[in-house]
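Below is one structure, written out as structure tokens, with a few remarks after it.
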Amino acid sequence: MIGFLAKGSCLFQILRVNFSLLALLFVAPLFGDLQETLDAQVEKNGTPGMAVIVFDQDKIISELHSGVREAGKRALLEKGDLWHIGSDGKAMTATLMARLVEKGLAKWDSPLSEIFPKESKNFHLDASAITIEQLLSHTAGLPANVDRDLFNEGRKLGAKRIEKQRLEVVKVMLKDAPASEPGSKYLYSNTGYVIAGAVIEKLLDTSYEKAIVREVFGPLGMKSVGFGAPEGEAPRGHVVRGGKRSATPTGYEGDNPAIYAPAGGMHFSLEDWAKFGQAHLKGEGILKPETFAKLHMVVLNNYSLGWLVRERDGKAVRLGHDGTNTMWRARITLDLEMGRGVCVVANDNDDATVKGIGAVEKEGLK
């Protein structure tokens, strides 16, 4: 069980996720065999299990696994296993929003007061002006995480009355002035993405979970999606206490509250995750090419809409993101020039594991 994410240690996790990935986007890949690198990192770091998938625009190049589903158990990782991807799901939420913008249901610069006219009577004036693009680019000035009481209440309720829970986040988190003028500063915010989920629910009159399956995962053929930590015979997340790794619960007991799904509370098979990566490598299909370009365009601080971006001459050449709920770790990197992507996952979030993911990622992009 994890604690309230707005604590200092967890906020450090959030910042480290972004700055560690940003550094890796600018580093040249290492040499060596991918399976050997994967095996070596699992053995060296004591990680229960890691897996990697490498793909281009049209096919899977390789999918490799090393280690076990749960520390101290014998069940090995297999193809088709489900992995929690944390904040890597933010790019999926942004893609869903882009679908709604293309359909004319909203605009990138639509203010929240326009989307929530009734609730906005109690918004702070500056919060009323926050736009959809600012929510998705972490420039809305909102806190890293939702109010403690909302977080704890979400733990109790799980997925019950999920749309009302997210609407309550809107009401509570927009009462006060943003920490910075909307659009002026990059402040990584899960809260912004939870509110983006509420925006989607308002526009479509259905839950975020149903909307993203219908609008994104269904069209891409991604059938393994689930919310919360994987259940059943899937890998288990882990925490390290006193130098010992322990498996964490499944479902929402082993994840952030259900309200966090738009910010990063989903799991997939690697093959399905690669399908999403392939769509962004191609830059066509589920969205218009110009809409993909919008999603990949830096807004501030090397962040676009759901992606960290490496640019050259004002054009995106590499996209990436890290994700963790503190019990799992996941990374996606798309090299747009090479036309190749790699997703690396691990079923814990120890510092050594994070370094191991970096080594595997570099090898996969050679």
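The values are calculated or read from the model by the stated rules, or taken from the named source; none is laboratory data. The shown structure was predicted, so the numbers you read here are calculated from the model rather than taken from an experiment. Cβ: placed from backbone, ideal geometry, glycine included. Neighbour counts: every protein chain shown. Note: accessible area is taken over every heavy atom of the protein model, side chains too, but ligands, DNA and RNA are not part of it. Shrake-Rupley method; radii C 1.70, N 1.55, O 1.52, S 1.80 Å.
Here are the numbers:
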{"quantity": "Residue in the range 184-196 that is surrounded by the most Cβ atoms within 10 Å (Cβ to Cβ), counting only those that are farther than 19 Å from residue 324 by Cα and in contact (Cβ under 8 Å) with a residue 60 or more places away in the chain", "calculated": "195"}
{"quantity": "Candidate set: the range 230-245, residues that are touching a residue at least 40 places away in the same chain (Cβ under 8 Å) and basic (Lys, Arg); chosen: the one surrounded by the fewest Cβ atoms within 10 Å (Cβ to Cβ)", "calculated": "245"}
{"quantity": "When residues of the range 320-349 are limited to those that are part of a strand (DSSP E or B) and free of Cβ contacts under 8 Å to residues at least 60 places away in the same chain, the one least open to solvent (accessible area, probe 1.4 Å)", "calculated": "334"}
{"quantity": "Checklist (1) of a type outside the set (Val, Ile, Thr); (2) part of a strand (DSSP E or B); (3) touching a residue at least 24 places away in the same chain (Cβ under 8 Å) applied to residue 352, failing item", "calculated": "(2)"}
{"quantity": "Residue match in the range 276-285 (condition: part of a helix (DSSP H, G or I), of a type in the set (Asp, Glu) and out of contact with any helix residue (DSSP H, G or I) (no Cβ under 6 Å at 6 or more places or on another chain))", "calculated": "no"}
{"quantity": "Residues being touching a residue at least 40 places away in the same chain (Cβ under 8 Å) and open to solvent by less than 80 Å² (accessible area, probe 1.4 Å) - total across the range 158-172", "calculated": "9"}
{"quantity": "Hits in the range 288-312 (condition: part of a loop (DSSP other than H, G, I, E, B) and either in contact with a Gly (Cβ under 6 Å, 6 or more places away or on another chain) or open to solvent by 10 Å² or more (accessible area, probe 1.4 Å) (or both))", "calculated": "288, 296, 297, 298, 299, 301, 302"}
{"quantity": "Residue within the range 118-131 that is open to solvent by less than 10 Å² (accessible area, probe 1.4 Å) and more than 26 Å from residue 252 (Cβ to Cβ) present", "calculated": "yes"}
{"quantity": "Strands (runs of 3 or more DSSP E) fully within the range 36-115 counting 2 or more residues that are at pLDDT 95 or above, out of contact with any His (no Cβ under 7 Å at 6 or more places or on another chain) and polar (S, T, N, Q)", "calculated": "60-67"}
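A quick yes/no check of all residues on (1) in contact (Cβ under 8 Å) with a residue 24 or more places away in the chain; (2) more than 18 Å from residue 92 (Cα to Cα); (3) more than 17 Å from the chain's Cα centre (by Cα):
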site: 224; (1), (2), (3): yes, no, no
site: 228; (1), (2), (3): yes, no, no
site: 247; (1), (2), (3): yes, yes, yes
site: 252; (1), (2), (3): yes, yes, no
site: 295; (1), (2), (3): yes, no, no
site: 298; (1), (2), (3): no, no, yes
site: 311; (1), (2), (3): no, yes, yes
site: 315; (1), (2), (3): no, yes, yes
